[in-house]
1. When you scan region 94-112, do you find a residue that is more than 29 Å from Ala277 (Cβ to Cβ), touching a Leu at 6+ places or on another chain (Cβ under 8 Å) and in a helix (DSSP H, G or I), even just one?
2. Hey, among the residues in region 364-385 that are part of a loop (DSSP other than H, G, I, E, B), modelled with pLDDT under 95 and of a type in the set (Gly, Ala, Ser), which one's farthest from Ser278 (Cα to Cα)?
3. For region 361-377, how many residues meet the condition of being buried (at least 20 other Cβ atoms within 10 Å of the Cβ) and touching a helix residue (DSSP H, G or I) at 6+ places or on another chain (Cβ under 8 Å)?
4. Being in contact with a helix residue (DSSP H, G or I) (Cβ under 7 Å, 6 or more places away or on another chain), surrounded by 19 or more Cβ atoms within 10 Å (Cβ to Cβ) and either over 24 Å from Ala93 (Cβ atoms) or not assigned by TED's automatic domain parsing to the domain that holds Leu251 (or both): is that true of Val139 here?
5. What is the number of the single condition among (1) over 21 Å from the mean Cα position of the chain (by Cα); (2) among the hydrophobic types (A, V, I, L, M, F, W, C); (3) crowded, with 19+ Cβ neighbours inside 10 Å that Ile148 does not meet?
6. Which one of these is more than 28 Å from Pro101 (Cα to Cα) and surrounded by fewer than 19 Cβ atoms within 10 Å (Cβ to Cβ): Ser181, Ser170, Ser208?
7. Looking at region 298-322, I want the residues that are farther than 10 Å from Trp285 by Cβ and assigned to a helix (DSSP H, G or I) and have a partner that is modelled with pLDDT of 80 or more and not basic (Lys, Arg) with Cβ atoms under 6 Å, at least 6 apart or on another chain. Which pairs are those?
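The values are calculated or read from the model by the stated rules, or taken from the named source; none is laboratory data. Note that the coordinates shown come from a computational prediction; the quantities given were computed from them, not determined experimentally. Here the Cβ positions follow ideal geometry from the backbone for every residue, glycine too, while neighbour counts run over all protein chains shown.
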Amino acid sequence: MIPAVVLLLAGTARPAPTAAPADPLHARVQTLRRRSEGVRPGTPEAGSIAGELGQIGRGYLEKGDTGRAVELLEEAYGWDEENGLVLALLTLAYVRRGDFPFARFYLDLAEQRAPRAPPQAYEVLGEVYYSLNRLEDAVVAWEHFQRIGGESPATLRQLSKLRQELALASGQRHFENERFSFFWDPAISAPVVEKIADRLAAIYDEQSAFFGTDLPTAQIVILYAGRSYFSLVSVPDWVSGVFDGKIRVSLDPDGGVTPELTVVLAHELAHSFVRQASADRAPGWLHEGLAQWWEGKRIPVSEMRQEFRGRSPHSLSEMEGNLAKRADRAAARTNYVQALAVVEYLFEHHGSGAVACLTRDLGEGRSFAEALRAETGLTPEELSRRWKEWAKL
């Protein structure tokens with residue numbers, strides 16, 4: 001990694017440290033560990049401790065802290081190796097972390113223990129199967145979750161959508177190499193898929209070199225002939241690519257591998273690399289800014305000024321929330337332009353190495369503010385001010 005920039009010039013006082021907000025999950029862990037003193041594995045009390053550690057681990061998983069989740073779920077497994085929910089959660093944690101050999105190990109154990117597990121284990125297993133594109137297995141897991149009393153409205157809605165997705169996937173072809181696992185509609189010819197695979201392989205080499213990492217397993221790529229799936233999940237008609245852990249692309253089966261399609265492939269693959277390099281901790285604006293950068297898009301300063309004429313740019317936190325709202329194309333464009341503009345500023349003034357290291361710093365557990373300071377010497381507020389000055393806004 002490129003060395004961090006010097007943060008404080010000689011003679012500059014360090015700001016007084018601020019107290020970190022209390023973490024209620026950490027407090028629960030400390031209480032639980034005191035309670036576990038003298039408890040032997042295999043006893044009912046050990047099973048109770050494992051169950052509580054599992055719930056805390058799930059809390060960290062929901063917060064996106066997969067490292068802490070794995071640590072606590074491994075500890076829970078040490079207390080009770082028969083706990084099917086803990087095994088299912090461990091599998092999911094390793095899948096999200098991109099460590100698929102360990103995920104495979106715990107998935108095998110979870111499947112063995114599942115008949116004795118509570119409904120929530122099947123809920124989690126369904127999510128694991130879905131992330132691996134094992135759609136039939138995901139349907140079976142979530143249907144069993146429902147059958148034995150699972151009542152999560154979100155999971156049951158997901159099951160309903162998955163049944164429709166499974167119908168759309170009927171007859172899909174499959175091909176896998178070391179880097180990609182392709183699923184495509186029969187209307188798309190094999191030669192087109194081969195050309196897409198070649199194009200993605202070249203893009204992969206470039207992005208891997210930049211981010212300093214490979215993807216941990218074959219990236220799933222699903223190619224749709226038309227927009228049936230995109231309509232199912234309410235993707236706006238001006239969007240032809242989606243990354244949700246899988247790269248999903250809508251294309252014209254007779255159009256060949258066009259420059260426009262190459263742009264979409266580069267954009268969505270960049271999302272996968274950003275997620276891997278940052279351990280899924282990159283803010284949305286950085287995701288979208290880097291994805292646009294890698295598709296080759298650049299915004300002249302004059303266009304930035306035109307875009308924001310008569311209105312102020314958003315703060316980084318405001319932009320983060322706005323990027324999730326894609327239904328309004330004009331509003332979405334403004335936020336995407338700003339995301340790219342901030343990333344362009346970082347490249348121009350701090351270099352590609354700093355941008356890559358910023359992303360990797362997040363993957364090593366630093367907060368965004370810490371990573372930004374380490375690689376650029378800026379706070380988030382200073383970054384917002386500096387890029388606006390650069391764009392003459």
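1. Among the residues of region 94-112, at least one is more than 29 Å from Ala277 (Cβ to Cβ), touching a Leu at 6+ places or on another chain (Cβ under 8 Å) and in a helix (DSSP H, G or I), which makes the answer yes.
2. The selected residue is Ser367.
3. Result for region 361-377: 7.
4. Against the criterion (in contact with a helix residue (DSSP H, G or I) (Cβ under 7 Å, 6 or more places away or on another chain), surrounded by 19 or more Cβ atoms within 10 Å (Cβ to Cβ) and either over 24 Å from Ala93 (Cβ atoms) or not assigned by TED's automatic domain parsing to the domain that holds Leu251 (or both)), Val139 does not qualify.
5. Only one criterion is unmet by Ile148, namely (3).
6. Only one candidate passes the filter, namely Ser170.
7. Val301/Ala391; Met304/Ala341; Met304/Ala391; Glu307/Val337
Yes or no, residue by residue, for (1) modelled with pLDDT under 90; (2) in contact with a helix residue (DSSP H, G or I) (Cβ under 6 Å, 6 or more places away or on another chain); (3) outside the structural domain of Ser131 (by TED's automatic domain parsing); (4) buried (at least 18 other Cβ atoms within 10 Å of the Cβ):
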| residue | (1), (2), (3), (4) |
| --- | --- |
| Val221 | no, no, yes, yes |
| Ser231 | no, no, yes, no |
| Ser234 | yes, no, yes, no |
| Ser240 | no, yes, yes, yes |
| Asp244 | no, no, yes, no |
| Arg248 | no, no, yes, yes |
| Val264 | no, no, yes, yes |
